[in-house]
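A single structure is presented below for examination.
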C-alpha cells in the first residue's frame, strides 16, 4: 500500500512536471506549478520530513505561486498567447542524461547513514534539542548565515533593478467589499500567532526560524494585497534594520568568538544566544520575503518621478566630484 | 528501500525535465518555472537520500541543506522575476531578444 | 659597492629611467628632455667603456641575476660578444639621439618618441647583456613592443599599415622563437650561454629534435634579421622617421636578430656541434640567398631609403653567413661585421635623412648636385657607400676579406663567389647614387628649409660625420688590439676558433 | 585573521546598506584598506607555517564547516584583495550617489563571498557561497539599468542558476555515496564508481557553465560588455575565477585521487583550446572596446582549462609544478590585466562618450595614460615578456612540452598571436590621426591612475615568481595532516 502511494505520488510529480513544460498557456503552467509544489510537499511528508514539507508548501507553492501569478498579471500581453518554444529536440539528450543519472542511482547503497551519527554526537554538546534546527543554527550555522546573505542580496538586487531606496510598496486600493478587511482582522493575528508558535517549536520539534518567517511573510503579503496602509507607513530605517537584523546578529555571534580567540561562530552553548539569533533570523526572513514579494512592483507613487530621473542618469554613470 | 529508488529516480526525471524546459521555452516566466522544477528535483533527491529506508530515522543534514536551498531558490526566483518584469516594461517582450545585437548600444 | 654587480644594471637603467622620466615630461619641455637624453646617452657610453676596460684589461666578470623559480632565471652577464654589441649600441645611441633631436625639432609627440627611443635602446642593451636564452627572449620581445610606437610615430594610415605589418612578422617570429626556447629548456634544463655550447652532453636520441629546435630558433630570429623569405616587414617600415630607420637597421631590431643567430650558433649549439648535426650548411645557403636577393632588390629601388633598406637585408646576412661557416676567419668576420655594418649603415641613413630633410629629395634620380650643395653629407655618404661595397680601407672591406678567407678555409669556395657577386651588386646600386650626387646637376629647384651657416643643422651633420669617421677608422686601425677586429679575434680565440 | 577576511566586508556591506548617506564610499575605502592587509597577513601565515584549517563554530569534521587556507587559496585571496581594493577606489570616484547606494552593499557582500569561496572546504557551503556570488554579480551587472544589461543580467542569472543546481545535485550524489560534505574528508573517502562519476560530471558541468567555458560562454560578453566599467572589471577579473577556483579544488583535491578525471580532462583541455581560438577570433571582429575585452575573457578563461589535462591525467606528473604555476599565474595576471583594461575602457567612455573603436582615433595623444594602460595590460594578455602573462605562458609551454601532450601548444602560440591581433587593433586606432578633433572630456586623476597601477602590477608580477611558486610547491592542496585542530 505504502509502495503504491509512493509510486502514485512519484508518477503524478513527473506527469505534472511534464504538463508544466508542455502547457500551452502560461497561466495554466503557473497553476500547475503551484500544484506541483503541493505535491512535492506531500512527497516530503511521506519521506518523514515535515519541516521541509511545511516550507515547501509555504514557499514553493505559496510564495513562489504568488510571485509568479503577480508577474504573469504584470507581463500579460492581451490578445496574444505565444508559447515561443524551440529546441524541442533537446528532450532527447535530457532524457539520455536522466538515463545516465538513473544508472548511477542504482549503484547508491541506500544504507549510508550520512552524517546522522555525527549529528547525534553533536546533539550532546549543543543546547538545542531538535536536530534540524541544531544543524541549521549551530553545526552549519555558517550556511544559514550566508543564506540570509543571499536573501539580503536578492532584496538589494531588487532595489537596484527598481532603483528604489526602500520597499515602499505601491499600495493597492483597498478591496471594495468589506470582506477583505474583515478577513485581515481575523487572519493577521492568527498568522502572527502561528508564526510565533512555529518559532518557539523549532527549538525542540519541527518548525523554526524559516517556517515562522515564511508564515509572517504571508501575513505581510496579505496586508499588502488588502491595501492596508500599515506597510506603507513603515519607516525606511526600521525596514532596513528588520531586513538586516538576523544577518547582523549572526555577524555579532561570529565576531564575538574572535574576541574570545576562538574560531569564528563559536558561541557559549547558552540557549538564549541561539534563540536570539533564531528570532532575529525569522524576522529578517519575514521582512526580506515580504519585500521580495511586493517589491517587484512598478512604482506608482511619488517615487516614480525620481525613478525616471534615475534611469536617465543611470544610463551613463558619471562623476560627481574631482573634476 | 524501494521508496528511495522511486523518489530518487523521480528527482532525476524532474531535474532533467526542468533542464529541458529551460532550453525549450523562450518565455522568461516559463524558463523561471522550469528552473524551479529543476530545483524541486534536486531537493527531492536530497530528501530521498536523507531517508533511504523510510524508517523513522532521518538524517537531519540533508533536511537542513534543503531548507537552506529553498531560501536560496526563492531569493533567486524573486530576483529573476523582477528582472523579467523590468525587461517587459522596457521592451514589451517576455523573451530575451537573442537577435538584439549587443553591438548597437554605446557605452 | 660591488661594481661587478652594479655596472651592468647602471648600463641597463641609464636608458630605462631616462625613457620613463621622459614619458612623464610635458611636451613643451624640449630643452630638459634633450639634456636628459644626451646626459643618459653619454653616461651610458662612459659606463660601457668603463665596463669594457674592466673586462678587457682586468678580466672582471660582470654579472647580475636572480632566479624566478622552476629554472626560470633572469641573468645579465657581460662577455666579449656582449661588449661588442654594447659598445655599438651605446655609441650609436648617443649620435642617433643627437640626430633625432635635430630631425624632429618642432614636430608633435616628441615625449612619446624619445621615451620609446630610450626604451628601445634599453632593450637592445638587454639583448647584448643577456646571459641566457630566457633573458634574451625577454628583451627581444621588449624590443618588438618598444619599436612599434616608433614605426607608427607619424600616425598616418601608411605608418599604421607598416606598423601592423611589422607586428605580424615580429610577433609571429617571437612565438616561433618562444616555442623553440621552451622546447630547448625542456630537453636541456636551465642553461646559460657558454663559449662551448651546452647541448653536446645531451642524449644522442634527442639530436633530431635539436635540429627541429634549431630551425625554430633560426626562423624566429630570422624575422628580425630579415632573412629571406622573412624580410617583408623591413622595406615597408621605411615610412618611419629617419632616426628610427637608422636605429632599426643599425642598432636595434635587425641587429638583434643577427646577434641572436650568432648567440644561438656560437654559445648555445656551438659551431662544431651544429656542423656535426648538419645545421650550418643550410643556414649558410639561406644567408647567401638573402645576400644576393637583397642586393638584386636594392638595385631595383629608386627611393633612396628603400634602396638602403634592401641593402640592409643583404648586408646583415653577412653576419649570419659568417656564423654559419665553420672557419676561424669567418667567425671573426661575423662578429666584426656586427659593428662594421652598424656604423656604415647608420651613416648612410643619416645622410639620406639629411638630404631628405634639407632638400626634400627622396628619389635617387633627383639627387644631382647634392654634392655641391651639401659637401660634408656627400662625403660621409660616399665613405659609407664605399665601405658597403668593400673598398679598402673602409671597415666593410675588413669584414668581406675575412669572410672570403673563412670560406676558403672551410673549403667552401662558393662563398668567395658570393662575396664577389655581392660586392659587384653593391657597387651597382651604390655607385650610381654616388655618381649622381657628385657629377650630375640639379634638375629642379630645391625646397630648402634650412638656411644656416652650415649646409644642414649641426645636429644632423655631426652624427653623420662621426659615424663616417668611425667606419673609416675601424678600417684603418683594424690591426690595433682594441679595434673591433682585434676584439673579434680575441672572442674567436676564446672560443678556440683562433690560435 | 582569515575570518576577518569575511567579517570585515560583511560589516561594511551592512553599514553601507543601513547608512547609505553621502559618505557611503567610505565603507568601501575602509574595506579596501583592511582587506589587502588581512590577505597579506594570511599569506604570510601560510607561507611560514603551511596550510591550515579552522572549524567554524568549533565543530570538527565531519559535522562542521571548515575554512581551508593553503597556497592556492592564499594566492587567489591576494589577487582578489589587490584587484578588489583598486577597483573599489576607482568606483568611489566613478559612481554617482544614487548608483553608489546600490553598488556598495552588493559589491561588499560579493567581496566577502569571494573571500569565503577561496577558503571553502565544504561542498554544500560552496554552493551557498557560489549563489551569493551569483546573485550579487547579476545584480551588479544590471546596475546601469539599460535594457541590454537587464537582458544580459537575466541570461547570466539563469545560466548560473542552472549551473548551481547541477552542482547541487552533484553534492547530493557525493553525499549519497560517502555521507560526507567536507572536501578534505572526501579526498580520502571517495573511490571511483558510477555515483562518484555522476557527481563529478554534474559538478564539473555546473561550474563550467559558471566559468563561461566555450559552449557556455554565450552569456559572458553581453553581461560583461554592458555593465558599468568597474562592474565589468569585477565580473571578469574575479567572479569567473571563483567558480574556476572551486572546479580546480574539486578536481585536484577530490576527483583526481578517486581516479575519474583522466578522460574528462582531455575534453576540458579541448574546450579550453577552442575557447582560446574562438574567443580571440570574436574579439578580433568586435566593433566595441568593451566587447573586445569581454570576448578576450572568454579566450583567457580557455587558457586556465589547460591545467586540467596537464594535472589530472597522469598521477604525480613531474611537470605538475609547472602546470600549477602556469595556471595560477594566468589567473592572477589575467585578473589584473583585465581589470585594468575594463577600467581604462571606462575612462575612454567617460572621455569620448563611446567605446566604439572607430571613434577612438588619436587617443594616443589625447589620453596618453589610458593608451599606455591599454598597451601594458595588452602585453600581459599577449603573454609577452616581461609580464605575468609571459611567466604563465612559459610555464604552461614547459609543462605541455614536458608532458608530451604537444597539441595543447596550439593554444598559447596561436592564442598569443590572435591576442596580439586584437590588442594592436585597439592600439592601431589609438595611434591613428583623427580627421577632425573629437570632443573629449578630461578624465579625473584617480580614475586615470588606478587602471595604470593595475596594469603595472600585471607586468611587475612577472619579475618575481619565486614566492608564488614556493607557495604552490610547498603547500599544495591538502598538504596537511589530519588533525583535530582549531
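Can you name the condition, by its number, that residue A:68 falls short on among (1) at pLDDT below 85; (2) outside any loop (DSSP other than H, G, I, E, B)?
If we test residue A:68 against (1) at pLDDT below 85; (2) outside any loop (DSSP other than H, G, I, E, B), just (1) comes out false.
So, one more: Assess whether residue D:289 counts as being over 23 Å from residue D:79 (Cβ atoms), buried (at least 24 other Cβ atoms within 10 Å of the Cβ) and at pLDDT 90 or above.
Working: over 23 Å from residue D:79 (Cβ atoms): yes; buried (at least 24 other Cβ atoms within 10 Å of the Cβ): yes; at pLDDT 90 or above: yes.
Yes.
Within the range A:119-138, how many residues turn out to be closer than 14 Å to residue D:64 by Cβ and more than 8 Å from chain B (Cβ to nearest Cβ)?
Residues flagged as closer than 14 Å to residue D:64 by Cβ and more than 8 Å from chain B (Cβ to nearest Cβ) within the range A:119-138 amount to 7.
Sort through C:425, C:326, C:405 and tell me the only one that's in a loop (DSSP other than H, G, I, E, B), touching a residue at least 24 places away in the same chain (Cβ under 8 Å) and surrounded by fewer than 23 Cβ atoms within 10 Å (Cβ to Cβ). Working first, answer last.
On the way: C:425 fails: in a loop (DSSP other than H, G, I, E, B); C:405 fails: in a loop (DSSP other than H, G, I, E, B).
Of C:425, C:326, C:405, the one residue that is in a loop (DSSP other than H, G, I, E, B), touching a residue at least 24 places away in the same chain (Cβ under 8 Å) and surrounded by fewer than 23 Cβ atoms within 10 Å (Cβ to Cβ) is C:326.
Among the residues of the range A:264-288 satisfying the criterion of being facing chain D (nearest Cβ under 10 Å) and closer than 19 Å to residue A:149 by Cβ, which is modelled with the lowest pLDDT?
Per the criteria, the residue is A:267.
Of the residues that sit in the range D:378-406 and are free of Cβ contacts under 8 Å to residues at least 60 places away in the same chain and more than 7 Å from chain C (Cβ to nearest Cβ), which one is farthest from residue C:174 (Cα to Cα)?
Ranking the candidates gives D:404 first.
Select, from C:167, C:247, the only residue that is surrounded by 24 or more Cβ atoms within 10 Å (Cβ to Cβ), in contact (Cβ under 8 Å) with a residue 12 or more places away in the chain and more than 14 Å from chain D (Cβ to nearest Cβ).
From the options C:167, C:247, the qualifying one is C:247.
Take the residues in the range D:455-469 that are under 19 Å from residue D:43 (Cβ atoms) and more than 12 Å from chain C (Cβ to nearest Cβ); name whichever of them is surrounded by the most Cβ atoms within 10 Å (Cβ to Cβ).
For the range D:455-469, the residue satisfying everything is D:458.
Additional query: Answer yes or no: is there a residue in the range D:76-95 that is assigned to a helix (DSSP H, G or I) and under 27 Å from residue B:84 (Cβ atoms). Give the steps one after another, and end with the answer.
Residues of the range D:76-95 assigned to a helix (DSSP H, G or I): D:76-94.
Add one more test, that the residue is under 27 Å from residue B:84 (Cβ atoms), and what stays is none.
Checking the range D:76-95: not a single residue is assigned to a helix (DSSP H, G or I) and under 27 Å from residue B:84 (Cβ atoms).
Let me ask another. Is it fair to say residue D:284 is crowded, with 24+ Cβ neighbours inside 10 Å and modelled with pLDDT under 95? So that I can check it myself, show each step before the final result.
Details: crowded, with 24+ Cβ neighbours inside 10 Å: no; modelled with pLDDT under 95: yes.
When the stated conditions are applied, residue D:284 does not pass them.
Listed residues B:43, B:15; which is under 26 Å from residue A:3 (Cα atoms), more than 7 Å from every other protein chain (Cβ to nearest Cβ) and either without any contact (Cβ under 8 Å) to a residue 40 or more places away in the chain or assigned to a helix (DSSP H, G or I) (or both)? Can you show your working first?
Details: B:15 fails: more than 7 Å from every other protein chain (Cβ to nearest Cβ).
Going through B:43, B:15 in turn, the sole match is B:43.
Among the residues of the range A:96-126, write down those that are assigned to a loop (DSSP other than H, G, I, E, B) and buried (at least 18 other Cβ atoms within 10 Å of the Cβ). Show your work before the answer.
From the range A:96-126, those assigned to a loop (DSSP other than H, G, I, E, B) are A:107-115, A:124-126; that's our starting set.
A:108, A:110, A:114, A:115, A:126, listed by residue number.
In the range D:308-328, is there at least one residue being crowded, with 24+ Cβ neighbours inside 10 Å and within 14 Å of the chain's Cα centre (by Cα)?
Yes.
Of the residues A:158, A:171, A:253, only one is within 14 Å of chain D (Cβ to nearest Cβ) and either at pLDDT below 90 or surrounded by fewer than 22 Cβ atoms within 10 Å (Cβ to Cβ) (or both); which? Show your work before the answer.
Details: A:158 fails: either at pLDDT below 90 or surrounded by fewer than 22 Cβ atoms within 10 Å (Cβ to Cβ) (or both); A:171 fails: within 14 Å of chain D (Cβ to nearest Cβ).
Of the residues listed, the single one that is within 14 Å of chain D (Cβ to nearest Cβ) and either at pLDDT below 90 or surrounded by fewer than 22 Cβ atoms within 10 Å (Cβ to Cβ) (or both) is A:253.
Could you tell me whether any residue of the range A:37-56 is in contact with a strand residue (DSSP E or B) (Cβ under 8 Å, 6 or more places away or on another chain), closer than 28 Å to residue A:71 by Cα and not assigned by TED's automatic domain parsing to the domain that holds residue A:135? Spell out how you get there, then give the answer.
If we filter the range A:37-56 for residues that are in contact with a strand residue (DSSP E or B) (Cβ under 8 Å, 6 or more places away or on another chain), which is where we start, we get none.
No, the conditions are met nowhere in the range A:37-56.
Take the residues in the range A:293-302 that are more than 7 Å from chain B (Cβ to nearest Cβ) and assigned to a loop (DSSP other than H, G, I, E, B); name whichever of them is modelled with the lowest pLDDT.
Here the residue is A:302.
So that you can scan it fast, the table gives a plain yes or no per residue for (1) under 21 Å from residue D:467 (Cα atoms); (2) within 22 Å of the chain's Cα centre (by Cα):
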site	(1), (2)
D:11	no, no
D:19	no, no
D:38	yes, yes
D:63	no, no
D:98	no, no
D:117	no, yes
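Next question. For residue D:369, indicate whether it is touching a residue at least 24 places away in the same chain (Cβ under 8 Å), in a helix (DSSP H, G or I) and surrounded by 24 or more Cβ atoms within 10 Å (Cβ to Cβ). I'd like the intermediate steps shown before the answer.
Numbers: touching a residue at least 24 places away in the same chain (Cβ under 8 Å): yes; in a helix (DSSP H, G or I): yes; surrounded by 24 or more Cβ atoms within 10 Å (Cβ to Cβ): no.
Criteria not met by residue D:369.
Filtering the range D:202-237 down to residues that are within 13 Å of chain B (Cβ to nearest Cβ) and within 20 Å of residue B:15 (Cβ to Cβ), which residue is surrounded by the most Cβ atoms within 10 Å (Cβ to Cβ)?
Taking the candidates together, the pick is D:203.
Scan the range C:203-226 and give yes if some residue there is away from chain D (no Cβ under 14 Å) and outside any helix (DSSP H, G or I), otherwise no.
Within the range C:203-226, one or more residues are away from chain D (no Cβ under 14 Å) and outside any helix (DSSP H, G or I).
Can you report the number of residues in the range D:353-377 which are at the interface with chain C (Cβ under 9 Å from one of its Cβ atoms) and closer than 22 Å to residue C:174 by Cβ?
Going through the range D:353-377 one residue at a time, the tally reaches 2.
Filter the range D:148-197 down to the residues that are over 26 Å from the mean Cα position of the chain (by Cα), at the interface with chain A (Cβ under 10 Å from one of its Cβ atoms) and not in a helix (DSSP H, G or I) and list them by number.
D:179, D:180, D:193
Also: Quick one: count up the residues across the range D:127-147 that are farther than 13 Å from residue D:219 by Cβ, more than 7 Å from chain A (Cβ to nearest Cβ) and surrounded by 24 or more Cβ atoms within 10 Å (Cβ to Cβ).
Residues flagged as farther than 13 Å from residue D:219 by Cβ, more than 7 Å from chain A (Cβ to nearest Cβ) and surrounded by 24 or more Cβ atoms within 10 Å (Cβ to Cβ) within the range D:127-147 amount to 4.
The values are calculated or read from the model by the stated rules, or taken from the named source; none is laboratory data. The structure presented is a predicted model; accordingly, all values stated were derived computationally and were not measured. Positions of Cβ are generated from backbone atoms using ideal geometry, with glycine treated the same way; all protein chains shown enter the neighbour counts.
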